[in-house]
1. What is the residue count in segment 23-39 for residues that are closer than 29 Å to Glu53 by Cβ and either assigned to a helix (DSSP H, G or I) or in contact (Cβ under 8 Å) with a residue 60 or more places away in the chain (or both)?
2. Go through segment 40-89 and give me each residue that's among the basic types (Lys, Arg) and either assigned to a strand (DSSP E or B) or surrounded by 14 or more Cβ atoms within 10 Å (Cβ to Cβ) (or both).
3. Here are some residues: Ile18, Ile23. Which one is in contact with a Cys (Cβ under 9 Å, 6 or more places away or on another chain) and either modelled with pLDDT under 95 or closer than 19 Å to Lys89 by Cα (or both)?
4. Report, by residue number, each residue of segment 1-21 that is outside any strand (DSSP E or B), touching a residue at least 60 places away in the same chain (Cβ under 8 Å) and under 18 Å from Pro61 (Cβ atoms).
5. What's the total number of residues in segment 40-56 that are in contact with a strand residue (DSSP E or B) (Cβ under 6 Å, 6 or more places away or on another chain) and either of a type outside the set (Val, Ile, Thr) or touching a residue at least 40 places away in the same chain (Cβ under 8 Å) (or both)?
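The values are calculated or read from the model by the stated rules, or taken from the named source; none is laboratory data. The structure presented is a predicted model; accordingly, all values stated were derived computationally and were not measured. Note that we place each Cβ from the backbone using ideal geometry, even for glycine, and neighbour counts take in every protein chain shown.
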Amino acid sequence: MSMITINKNITEDKLEKIKKWPIWEKDISRFPYYYDHTEECYIIEGRITIETEDGIYHIEPGDFVRFEKGLSCIWDIKEKVRKYYDFPK
């Protein structure tokens, strides 16, 4: 099972719920990150490359992404990022 799931086609109903989540922003940068909780996010703007031991993932605006608890990766932000985010129970 992949530790990252990218969905490029979410419904309008789901997007309306997502728009109530907090927003996180980050400028161009590169840093390691470990997920001690599962996170779901929707990319509003920016481009990111996520490097994992399983491969490289390219994330762009309109992507709904799920990062599984326990994922260790490198975030390489190519363009300033804005995303809605949540930590589902």
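1. Result for segment 23-39: 1.
2. Arg47, Arg66, Lys78, Lys80, Arg82, Lys83
3. Matching residue, one of Ile18, Ile23: Ile18.
4. Those that are outside any strand (DSSP E or B), touching a residue at least 60 places away in the same chain (Cβ under 8 Å) and under 18 Å from Pro61 (Cβ atoms): Ile18, Lys19, Trp21.
5. 11
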